[in-house]
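The structure under discussion appears below in the form of C-alpha cells.
The values are calculated or read from the model by the stated rules, or taken from the named source; none is laboratory data. Just so you know, these numbers come straight off a predicted model, no measurement behind them. Cβ: placed from backbone, ideal geometry, glycine included. Neighbour counts: every protein chain shown. Side chains are part of the model used for accessible areas, which takes the heavy atoms of the whole protein and leaves out ligands, DNA and RNA. Shrake-Rupley method; radii C 1.70, N 1.55, O 1.52, S 1.80 Å.
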Amino acid sequence: MKLEKDIVIPANLEIDPWTYLDITLKYEKYLILINYFGGYMFLNHIYKFSIKSEYQVFDDVHAMGKNKLVKIIKVNNNSYILLAHSSIRYLKNKPNVAVLQKPTSTQLKNSCFLAEYIEEPKKFFNSLKPYNWFLEKYKNEIQKFKTKSAAVDMKFLNNNKEIVKTIKNEEVKSLDTSDMFSKLNTSKIYFDVFENGVVTIIILDFERSKSWIYNALLERIEPVFRSLSIYNSYDVKILTMNENRKERLKKDISTMNHKGLLFLRNINIINLNIDRFFQSTTQKESFLKDVDKLEMATLQEKLRNNVKGGKNE
C-alpha cells in the first residue's frame, strides 16, 4: 500500500503503535463515520455507508472490538457500535477526552433516524452547508463586478449588501456549531437541502404533539428565516418510526394552527420504520409457563384419554 504521507504516531495519545497503524490504514473511515452519528450507530447502517461487502465490514467491526476501538452492544436482534476511549482520543488527537457513555434510547433513536434517512453523511453534517452557496455566489458576483462583466447579477448584489455581514458572522459561528441552524439540532431539527430558494428542514418525531410541532416552527424555525432573508421559504419533513404513528401524525398536522408561519410551504410525513431496530422478535412465552408440574401432568393425562376415547368411537 502506497501511503500519501508519512504516519507519525503521537506518544501522548497512549495508543499502542500497532493499533494506531491499524486505525490509520484500516479503520479510520469507520471511526469517522460512527462519529458523525454521535459516536454510536447500528451495524446495519455501517453496512449501508461502506463500499465494502457486509462480510468484510462484519470482520472489520469485530476486529475493532477485539482491539478495544469499539464496543459492540446488542439491542434485541440488532447490534450497535459504540466508540471506545482510544478511538475518541485518535479522532480528537488529544490524550484527555471524555469517555463516551452508552447512549440513551432517545440518542440511539436520533442516530438511527439520521442514518436511515441520510445518503451522504459527510455532506449532511457539513456545518458550513447552509451558507457556502451564498458566500460563493456573492464572491463570484463581486469578482464579475470588479472586472465589469456583463454577466454580473446586480440585483443579487444590491439586495444582499447588508445580509452578507450576517451570513459571514453565521459562517464563523458554524465552526463551533453555535450558528442559527446548528442551534436547531438540540431540538432534533436539522437543515437538509436548499434548492431554488427553498430550504428543507427535517424534524425527528419522538411522539411530538401537534402543539410542540407548531411551537417549534413558530418559535425556533421562523426566526431563522426572518433573520436570513437569503431564503424564500421552507418545507418540513417529519420522520416517524412506524406507519401507525405516521397516520396519527397526518391527522394532527391536518388540523394544526398555521398562524404566524409565514415562510412555511409544506409539511410531509415520512415513515422510516426504525421501530424494527428496537422491537424484540422473540416469540412470547406460552401461557403454560405458569402451569405447575402437577397441573401439566393432569392436562397431559386428559389429552391421552381424549385421544384414546376418540379411537374407540
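Computed quantities for the displayed model
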item: Gyration tensor verdict on the chain (Cα atoms; rounded if a/c is under 1.5, prolate if a/b is larger than b/c, oblate otherwise); result: oblate
item: ³J(HN,Hα) computed for each position of the range 246-252 - Karplus, 6.51 cos²θ - 1.76 cosθ + 1.60, integer Hz, glycine/proline x; result: 4, 5, 5, 5, 4, 5, 4
item: Kirkwood estimate for the range 1-105, i.e. one over the average of 1/r between Cα atoms, Å; result: 14.3 Å
item: Karplus-derived HN-Hα couplings along the range 153-161 (A = 6.51, B = -1.76, C = 1.60, θ = phi - 60°), whole Hz, x at Gly and Pro; result: 8, 5, 4, 5, 5, 5, 6, 10, 4
item: Rounded, prolate or oblate (a/c below 1.5 giving rounded, otherwise prolate when a/b exceeds b/c) for the range 58-202 by Cα gyration tensor; result: prolate
item: Per-pair calculated FRET efficiency, R0 = 51 Å: residue 262 and residue 25 via Cβ, rounded to 0.05; result: 0.45
item: Along each principal axis, Cα extent of the range 86-141, largest first, Å; result: 48, 30, 15
item: For the chain, calculated [θ]222 nm from helices alone, where every DSSP H run of n ≥ 4 adds -39500 (n - 2.57); result: -13500 deg cm²/dmol
item: R0 of 22 Å, Cβ-Cβ distance residue 252-residue 106: FRET efficiency to nearest 0.05; result: 0.60
item: Fraction of accessible area attributable to carbon and sulfur, the range 38-138 (%, probe 1.4 Å); result: 50 percent
item: Highest average packing first - 14-26, 101-113, Cβ atoms within 10 Å; result: 101-113, 14-26
item: Nonlocal amide H pairs with residue 238, under 5 Å, H built at 1.01 Å; result: 203, 268, 269, 270
item: Radius ratio Rg over Rh of the range 166-278, counting only Cα atoms, Kirkwood formula for Rh; result: 0.98
item: ³J(HN,Hα), Karplus 6.51/-1.76/1.60, whole Hz, each residue of the range 79-94, x for Gly, Pro; result: 10, 10, 10, 10, 5, 7, 4, 5, 5, 5, 4, 5, 5, 8, 6, 9
